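Q: Sharing a structure here in structure tokens format.
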Amino acid sequence: MDRDGMKKMKKVILYPLSAIGHMNPMFHVAEALNSKGISITFILTKYNSPNPSSFSTDYSFHFIDDGIAAMETPPSNPVAFLAALNSNSRQPFRDCLESILGSEKGEKSVACLITDPLWVFTRAISEEFGLPRIMLHTSTAADLVILSSPDVLQHDDYPVFPEIIAMVEEVKASSGLICNSYEELEGPSLNTLRQNINIPVFPIGPLHKYSKTSATSSFLLKDKTPIIKWLDNQPPKSVLYVSFGSIATINKAEFEEIACGLANSNQPFLWVIRPDLVHGSENSQLLLEDFEEKVGERGRIVTWAPQQEVLTHTAVGGAFIHGGWNSAMESISEGVPVICMPCLFPDQKTIARHVTDVWRVGLRVDRGGIERGQVEEVIKRLMGDQEIRERLDEFKGTADKCVSHGGSSYESLEKLCSFILSL
Ligand code: UDX
């Protein structure tokens, strides 16, 4: 049978970690594989899950109970939260997988499970059912190089906790690895990674280029029209987009300094203030007395933004982010220069270092002791830096090319599909 004929019969089961920064890239992987004729079945935990109707394509969905809803409040400590998610999800995941595979009636059309290595329990379960696993790493290849190196325990930026050690073992024990990266961006790190983990590595990024929007935005944001309309009224490349991802928090003093820096910069801005952004505050926006009056129409504050659409809007000329890999990749590969303020996980420091020193597509501020004058200055520097902007035009060109026919990520996706068909 030819490859096209085989592909129609092949199905993959995707099981993303239930955090927005891990779900978005997995949804993009689904789009990429589905565009090649592979059919998609999702297993999602109930926590954070989008409505199946937010997908334009015909995927199958299975929802399992992660027990998070029964907790009074999800733990604010991400490490404890990850441990709870893992221990709550193991049995429901196993039962769900058994039921999906049982309904196949001997056809054996499920080629593999594609999952997140931070689910640290899937190895034994997939072995029980004879199902190969492919991992999706949602941060940089450089991050996984550090984590898979023997001296990671001595690395100052990387406080290593048990799930992280287990995560690297999960990657090494899997059949292959998908990276949200591309050869032209991280070639040397990808090569080192291949040596460190000794399994096939498929850099098919930038992943967001496979979808027009992220499915998670549709359940976190009822109507994106007012935001887009506001952007439509701003001059080209004038707006600074400010967002610290889906889980990072800052303290009240940092929040106030950023707010004053933004106000004093005189730059139009769109700021995502999630209700839980400020540590210990129930509704962070309430902390901004008089702020909206002071900045007037120049500043727009929202609780969530359609980030992909925002970053490709002609009015946006810069992004102030925490250095989460999705946000960094969604910005630089769309030609948007960034200010990185690492907030939470160790990879954010590595990403900030690459942005400033390796790719030279942005600037960095340190969160500790951040003050308004510094925020104002770094915004002015970023928005006025013509060299960075020109470099980013090239970045965008390369990123667009590599997912197009014949590009490095396009070829890598072809190889990934052939690999899946061979399993
Ligand atoms: C985290 C890590 O920081 C990241 O490095 C890791 O690989 C995945 O988990 P998070 O901190 O949430 O994720 O940040 P980021 O990686 O930037 O992901 C946030 C996602 O939410 C992005 O895809 C972004 O487009 C989306 N988002 C964020 C929105 O759509 N709207 C918003 O208002 C904010």
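Q: Are there any helices (runs of 4 or more DSSP H) wholly within segment 155-248 with 2 or more residues that are within 15 Å of the ligand (Cβ to nearest atom), at pLDDT below 95 and surrounded by 15 or more Cβ atoms within 10 Å (Cβ to Cβ), and if so which?
A: Details: elements: 162-172, 183-197, 215-220, 225-232.
Hits in segment 155-248: 162-172, 215-220.
Q: Do we find that A253 is more than 16 Å from the ligand (Cβ to nearest atom) and within 15 Å of R367 (Cα to Cα) in this structure?
A: Yes.
Q: Restricting to segment 352-393, what's the tally of residues that are within 16 Å of the ligand (Cβ to nearest atom), part of a helix (DSSP H, G or I) and surrounded by fewer than 19 Cβ atoms within 10 Å (Cβ to Cβ)?
A: Count: 1.
Q: Within segment 263-277, how many residues are away from the ligand (no atom under 16 Å from the Cβ) and of a type outside the set (S, T, Y)?
A: Result for segment 263-277: 5.
Q: Here's a follow-up. Could you list, in sequence order, all residues of segment 393-409 that are out of contact with any Phe, Trp or Tyr (no Cβ under 9 Å at 6 or more places or on another chain) and in contact (Cβ under 8 Å) with a residue 12 or more places away in the chain?
A: Scanning segment 393-409 gives D393, K396, D400.
Q: Across segment 289-333, what is the number of residues that are touching a strand residue (DSSP E or B) at 6+ places or on another chain (Cβ under 7 Å), more than 11 Å from the ligand (Cβ to nearest atom) and in contact (Cβ under 8 Å) with a residue 12 or more places away in the chain?
A: Adding up the residues that qualify gives 9.
Q: Name the one entry in V403, V378, V358 that is in contact with a Lys or Arg (Cβ under 9 Å, 6 or more places away or on another chain) and under 19 Å from T140 (Cα atoms).
A: V403
Q: Still on this structure: What number of residues within segment 80-121 are among the hydrophobic types (A, V, I, L, M, F, W, C), in contact with a helix residue (DSSP H, G or I) (Cβ under 7 Å, 6 or more places away or on another chain) and more than 20 Å from Y59 (Cα to Cα)? Steps first, please.
A: If we filter segment 80-121 for residues that are among the hydrophobic types (A, V, I, L, M, F, W, C), which is where we start, we get 80-85, 93, 96-97, 100-101, 110-114, 118-121.
Those still in the list that are in contact with a helix residue (DSSP H, G or I) (Cβ under 7 Å, 6 or more places away or on another chain) too: 82-83, 93, 97, 110-114, 118-121.
Retained after the next criterion (residues that are more than 20 Å from Y59 (Cα to Cα)): 82-83, 118-121.
Result for segment 80-121: 6.
Q: Looking at segment 18-33, is at least one residue at pLDDT 95 or above and more than 16 Å from the ligand (Cβ to nearest atom)?
A: Yes, because at least one residue in segment 18-33 is at pLDDT 95 or above and more than 16 Å from the ligand (Cβ to nearest atom).
Q: I would also like to ask the following. Which residue out of I199, I204 is among the aliphatic types (A, V, I, L, M) and more than 21 Å from N326 (Cβ to Cβ)?
A: Working: I204 fails: more than 21 Å from N326 (Cβ to Cβ).
One residue alone meets the criteria, I199.
Q: State yes or no: is K349 in the same structural domain as P132 (by TED's automatic domain parsing), part of a helix (DSSP H, G or I) and out of contact with any helix residue (DSSP H, G or I) (no Cβ under 9 Å at 6 or more places or on another chain)? Explain how you work it out, then say what you get.
A: Working: in the same structural domain as P132 (by TED's automatic domain parsing): no; part of a helix (DSSP H, G or I): yes; out of contact with any helix residue (DSSP H, G or I) (no Cβ under 9 Å at 6 or more places or on another chain): yes.
Considered against the rule, which asks whether it is in the same structural domain as P132 (by TED's automatic domain parsing), part of a helix (DSSP H, G or I) and out of contact with any helix residue (DSSP H, G or I) (no Cβ under 9 Å at 6 or more places or on another chain), K349 comes out as no.
The values are calculated or read from the model by the stated rules, or taken from the named source; none is laboratory data. Keep in mind it's a predicted model, so treat the numbers as computed, not measured. Reconstructed Cβ throughout: ideal geometry from the backbone, glycine too, with neighbour counts over all protein chains shown.
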